[in-house]
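The values are calculated or read from the model by the stated rules, or taken from the named source; none is laboratory data. As the structure is a prediction and not an experimental result, all values here were calculated from the model. Please note: Cβ atoms are built from the backbone with ideal geometry, for glycine as well, and neighbour counts cover all protein chains shown. Just so you know, the surface numbers come from the protein's heavy atoms only, side chains and all, with ligands and any DNA or RNA stripped out. Shrake-Rupley method; radii C 1.70, N 1.55, O 1.52, S 1.80 Å.
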Amino acid sequence: MKCTHCQLEFDETVMITEENNPDVYFCCNGCQGVYHLLKDDGLDSFYDKMGNSTIAPPVETDDNVENFDLESFKQRYIKITPDGFSKVDLVIEGIHCAACVWLNEKVLDSTDGILEANINFTNNKAKIIWDENTIKLSEIIEKIRSIGYNAYPYEQSVEDVKASSAQRDYFLRMAVAVFGSMNVMMIGVAKYAGYFSGIKPENLHLVHMAEFLFATIVLFYSGWIFFRGAYYGLKNKIVNMDLLVSGGATITYIYSLTVLFGAKGHSYFDSVAMIITFVLVGKYLEVLGKKSAVDAMDKIKSQVPLEATIVEDGVKRVVSLDEIVVGNIIEVKNGEKASVDGKSIVKESIYDESSLSGESLPVEKQEGDMIYSGTINSGMVMRYKATKNYANSTLSTMVNLLEDSLASKPKIEETTNELSKYFSMVIILLAIATYIGWYLYSGDLENALIITIAVIVIACPCALALATPIASLIGISWATERGLLFKEAKFIETFAKATTVVVDKTGTITNGNLTVKKQSKELNAQDVALLYAMVDSSTHPVSRSIKKYLEKEYTSIKIVELENIEQLGGRGLKAEYNGETLLGGNAKLLDEHYIELDYKSEYTLYHFIIGTRVVVSFELEDSVKKDSKEMINYFQKIGVEVIMATGDHAKVAKRVADEVGIKTVYSSISPKEKAELLISLKELGKTVVMVGDGINDALALSKADVAIAMGSGADVALAMSDVVVLNDSLKGIKESFIISRRTYTFIKQNLLLSLIYNIITIPLAMAGFVIPLVAALSMSLSSLLVVGNSMRIKKEEL
């Protein structure tokens with residue numbers, strides 16, 4: 001008797017029945033509970049979608065779901081979205097088909113507090129976003145368990161183990177296929193020799209039997225992955241490559257069986273074995289190609305230290321990365337890696353940052369300079385103060401961004417995948433037409449069947465499906481090696497089509513390390529204290545420079561607390577102290593508050609006001625980055641327009657623009673006006689790239705087709721960006737464009753290769769010039785051609 005829920009068969013005597021519902025039988029209380037839960041929630045159509053499949057009955061687990069609500073779990077696995085909601089990646093255990101995915105998504109989507117639930121059928125990875133104020137993660141886990149599945153946090157290391165296991169399984173199946181095919185071919189020598197020299201019927205039958213044994217093992221063991229893929233494809237109403245391969249091989253196998261058991265004609269067991277073997281070898285080489293493409297991620301992960309030494313009250317102790325909190329003092333010896341981001345508390349140190357930036361030269365660090373996780377201490381023992389925990393540090397962020405970008409798809413890939421579905425259906429129709437045409441033409445059933453099989457096998461859409469993802473993987477990996485992080489693969493395609501680049505001035509074209517050239521008047525101790533408190537509350541390069549200047553010029557600065565500090569985008573800061581209003585910023589800020597001041601300069605100006613009194617004005621000079629001119633010349637040379645948009649006044653903007661060769665400049669514009677500029681450019685049909693690094697750039701970055709942030713920029717700018725340049729060099733923007741354009745070019749080349757292959761080979765196969773053996777070989781070679789072509793992406797020097 002079959003269980004109504006899991007569809008597994010049990011003896012009728014052990015089944016649980018219900019008096020008021022005699023048509024249902026359950027093998028356990030778990031299945032009974034899940035059945036009624038789905039019934040009550042209106043999700044019983046799950047059983048229709050499941051068809052004749054079986055599933056494992058619900059398993060009781062001793063895991064305490066409250067562990068999912070622990071603070072340590074949240075810090076390690078849960079991220080907060082820009083909207084303030086919680087996000088986690090889980091692996092759902094027990095999923096075996098599309099119906100399972102449908103059921104889990106339906107149940108989660110209908111649960112109050114869950115905003116998004118997406119499950120990837122290929123790896124059972126679920127991305128769940130929920131409102132912590134409405135539902136806890138432990139309650140979500142209980143919901144998943146209540147319908148017969150289990151969930152645990154997604155950890156890349158765990159997935160690596162599973163991937164390695166899958167790769168070993170692939171290799172074993174391929175090895176069996178190669179062994180079986182070699183034996184079939186050796187036996188085939190005797191068969192084909194017999195056609196010319198003569199062979200007794202009983203001996204020919206023995207040859208056919210030997211071929212049958214080896215071909216059966218190859219088809220049903222090594223070829224199982226194709227049958228499985230075809231089954232799941234058909235369950236989802238998709239005609240895929242697996243159906244073409246398994247279908248072609250199975251038809252050949254069945255025909256050969258009829259010959260084995262007495263029908264006239266020739267057996268093609270050798271073709272069965274070789275079709276599976278050639279395609280399997282091709283698929284395995286694709287796996288190896290993909291592995292070499294994602295080695296960049298493994299390289300980044302290898303930079304993560306397993307533990308760190310923290311110093312508390314003069315006592316050192318070794319802790320795991322998850323135990324490090326903001327404010328910990330961390331000691332790093334020569335050759336050791338920094339575990340989290342922080343600021344140096346020693347006068348001098350030297351760090352190798354090549355793992356992040358791609359630059360081989362060591363970087364000298366002064367007291368107060370940033371130390372980044374994963375970088376190597378190349379000098380003496382040093383200490384630094386943690387400013388971020390591990391989950392939010394640079395290296396962890398890089399790994400997460402790279403994982404997300406490898407999981408995403410460019411638009412061209414989505415279009416290609418959609419086309420490949422229809423392509424497979426067209427091939428099935430062409431194969432049917434070929435069979436009917438050849439049978440009517442020649443009246444030879446065997447010949448028509450063999451030609452039809454060749455059409456099915458040769459027209460496999462593997463090359464078409466591989467054209468985009470393999471090139472994207474290699475492009476993203478190459479960019480990562482150069483310290484360039486694409487948050488999603490689709491931005492490679494968009495960046496490659498860019499027509500306009502809009503750049504901020506301070507911190508982007510210039511170094512952002514402004515130096516005070518002139519101070520308009522001397523300050524008393526109280527004014528210094530208030531000004532210091534004002535600039536200390538901002539991360540803008542101007543504020544940072546004045547803070548550094550004050551620390552150098554004034555030995556003892558009194559610490560005061562300001563109230564109601566407000567960031568005024570593109571103008572400065574506003575705060576209060578003892579009932580008085582404090583202002584710090586540019587001329588626009590003065591104009592807004594009707595404060596008159598006639599102070600002209602070709603340098604950047606910063607004014608400090610208490611009430612309506614202008615206390616002091618500073619002139620600051622910023623040097624242009626050494627590779628700014630090179631980047632701008634490159635874009636202008638290839639026909640990409642470069643525009644500077646800055647909040648600084650016209651004289652400063654013009655001086656910098658003239659120095660680097662920018663012809664179009666928008667000065668004294670607010671963040672809102674920057675955003676409006678980008679919107680107007682997009683309305684003109686331009687593909688706009690925005691490069692910025694500050695809080696005031698965040699709004700404009702959000703309006704760009706591709707937003708690029710410099711690695712040293714404000715966190716909000718990094719959050720709004722699509723590409724992050726870790727090495728802070730404008731050369732990185734040029735390199736990211738070259739990589740994007742080259743990758744996109746190779747994607748188009750791959751698609752063209754696939755198209756040419758199909759245009760040439762399908763008519764040849766339909767015309768009867770290709771046997772199934774050659775069809776399988778050429779189909780595998782077409783896939784390898786696409787992989788090999790993609791490998792050439794990295795051949796060009798940047």
Result for segment 65-155: accessible area per residue, probe 1.4 angstrom, in square angstrom, of 46 Å²
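Once the piece of chain linking Val311 and Asp83 is laid out straight, how much longer is it, given 0.36 nm per residue of separation minus the C-alpha distance between them?
Details: separation 228, 0.36 × 228 = 82.08 nm, distance 3.63 nm.
Separation in residues times 0.36 nm, less the Cα-Cα distance, equals 78.5 nm.
Mind ordering 679-687, 784-792, 546-554 by average Cβ neighbours within 10 Å, highest first?
784-792, 546-554, 679-687
Tell me, what is the FRET efficiency for Leu429 and Met182 to the nearest 0.05, using R0 = 45 angstrom and their Cβ-Cβ distance as r? All intermediate terms of the calculation are to be shown ahead of the outcome.
On the way: r = 36 Å, r/R0 = 0.79.
For Leu429 and Met182, the calculated efficiency is 0.80.
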So, relative contact order of segment 65-155 in percent, Cα under 8 Å, 6 or more apart, is 36 percent
Suppose each label sits 7 Å from its Cα in the direction of the beta carbon; what would the Asn133-Glu659 distance come out to in nanometres? 4.8 nm
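When ranked by the protection proxy of mean other Cβ atoms within 10 Å per residue, highest first, what sequence do the peptides 13-19, 332-338, 213-219 form?
On the way: 13-19: 11.1, 332-338: 16.9, 213-219: 22.3.
Highest-to-lowest ranking by the protection proxy: 213-219, 332-338, 13-19.
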Enumerate the calculated ³J(HN,Hα) couplings along segment 175-189 in order (Karplus 6.51 cos²θ - 1.76 cosθ + 1.60, θ = phi - 60°), each rounded to whole Hz, writing x wherever the residue is Gly or Pro. 4, 4, 5, 5, 4, x, 5, 4, 5, 4, 5, 5, 5, x, 4
Relative contact order of segment 486-582, please, whole-number percent, based on alpha carbon pairs below 8 angstrom and at least 6 residues apart. 20 percent
Straight-distance crosslink candidates among aspartates and glutamates, where the alpha carbon sits under 20 Å from Lys600 and sequence neighbours closer than 8 are dropped: Glu522, Asp591, Glu592, Glu619, Glu621, Asp622, Asp648, Asp658
If each of Ile350 and Gln567 carries a label point 7 Å out from its Cα toward its Cβ, how far apart are those two points in nm? 3.7 nm
Assuming R0 = 41 Å, what is the FRET efficiency of Ser537 and Glu331, from their Cβ-Cβ distance, to the nearest 0.05? 0.85
Once both label points are put 7 Å beyond Cα along the C-beta direction, the Lys558-Asn392 separation in nm becomes 3.3 nm
Interchain or sequence-distant (5+) residues whose placed amide H lies within less than 5 Å of the amide H of Val642 are Val501
All aspartates and glutamates inside 16 Å of Lys734 as judged from Cα atoms, apart from same-chain residues fewer than 8 positions distant: Glu359, Glu481, Glu493, Asp504, Asp627, Glu630, Glu641, Asp722, Glu796, Glu797
Longer than 25 Å from Cα to Cα, which of Lys235/Lys264; Lys552/Lys731; Lys588/Lys629; Lys365/Lys625; Lys487/Lys795; Lys39/Lys79 are they? Say none if no pair is. Lys235/Lys264; Lys552/Lys731; Lys588/Lys629; Lys39/Lys79
Work out, step by step, the length gained on full extension between Tyr152 and Tyr422: first 0.36 nm times the residue separation, then minus their alpha carbon distance; give nm to one decimal. 93.5 nm
Can you compute the FRET efficiency between Glu202 and Glu142 using 1/(1 + (r/R0)^6), with r the Cβ-Cβ distance and R0 = 60 Å? Round to the nearest 0.05. 0.35
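Rank by packing, highest mean first: peptides 222-235, 479-492, 246-259, 436-449, with packing defined as the count of other Cβ atoms within 10 Å averaged across residues. Working shown, then result.
Details: 222-235: 18.4, 479-492: 22.9, 246-259: 21.1, 436-449: 14.6.
The most tightly packed comes first, giving 479-492, 246-259, 222-235, 436-449.
Does segment 311-387 classify as rounded, prolate or oblate by the C-alpha gyration tensor (a ≥ b ≥ c root eigenvalues; a/c under 1.5 gives rounded; else a/b over b/c gives prolate, otherwise oblate)?
Details: a/c = 1.83, a/b = 1.53, b/c = 1.20.
Prolate is the answer for segment 311-387, as a/c is 1.5 or above and a/b outweighs b/c.
Per residue, what accessible area does segment 725-798 have, given a 1.4 Å probe and all protein chains present, in Å²? Intermediate results must be reported in sequence, preceding the final value.
Details: 3180 Å² over 74 residues.
Here the per-residue accessible area is 43 Å².
If you rank Leu473, Leu172, Leu620 by how much accessible surface each has, with a 1.4 Å probe, what is the order from largest down? If you can, show how the numbers build up before the last one.
On the way: Leu473 30, Leu172 90, Leu620 0 Å².
Ranked list, largest accessible area first: Leu172, Leu473, Leu620.
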Accessible area in the full protein assembly, largest first, 1.4 Å probe, for Met186, Met174: Met186, Met174
